[in-house]
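All remarks here apply to the structure that follows.
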Amino acid sequence: MLIYAIVFIAFFSFYILQKLHGIERRLARQQSMLEQLTEGLPGPAVDDDSIRLLIIQGETVKAVKRAREVFGFSLLEAKQYVDQLQEEIGPQQ
């Protein structure tokens, strides 16, 4: 009986791994298609000067929060956006 259970678990694990691999392939294809569709499109325009002001004041956390509110970014996207703005603003100071 133990052997049947081990064999069942092995086959079930193999089945799950195959399904996950298929999902990963589909996700990679969708990501590639999305990148092709959005290639060349401009990013969001900075029409909210409050983000730049917060960066200049050294309020990076508040700037990230504001970017999330304004643009609907995830936390990571907002952080990357604020980092990019900091690089642009940096030499101007």
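The values are calculated or read from the model by the stated rules, or taken from the named source; none is laboratory data. Bear in mind that the values here come from a model prediction, so they are computed numbers and not experimental data. Counting neighbours? That spans all protein chains shown, and the Cβs are built from the backbone with ideal geometry, glycine included. When the accessible area is computed, the model is the full protein with side chains, heavy atoms only, and any ligands, DNA or RNA have been set aside. Shrake-Rupley method; radii C 1.70, N 1.55, O 1.52, S 1.80 Å.
On the basis of the beta-carbon distance and an R0 of 25 Å, GLN30 and SER50 show a calculated FRET efficiency of 0.15.
Reported value for the chain: 155 Å³ per residue, from the convex hull of its C-alpha atoms. Once all protein chains are placed together, ILE55 keeps about 10 Å² accessible to a 1.4 angstrom probe.
Rolling a 1.4 Å probe over the protein heavy atoms leaves LEU76 with an accessible area of roughly 110 Å².
3J(HN,Hα) along region 65-72, derived from phi through the Karplus expression 6.51 cos²θ - 1.76 cosθ + 1.60 where θ = phi - 60°, amounts to 4, 5, 4, 5, 5, 6, 9, x Hz, with x in place of Gly and Pro. Cross-link reach is defined here as a Cα-Cα straight distance under 16 Å, omitting same-chain residues fewer than 8 places apart; for LYS79 the lysines meeting it are LYS62, LYS65. Residue by residue, region 10-17 carries 3J(HN,Hα) couplings of 5, 5, 5, 4, 4, 4, 5, 5 Hz when phi is fed to the Karplus relation 6.51 cos²θ - 1.76 cosθ + 1.60 (θ = phi - 60°); x denotes Gly or Pro. When the residues ASP49, ASP83 are ordered by accessible surface, computed with a 1.4 Å probe over the protein chains alone, the sequence from largest down reads ASP49, ASP83.
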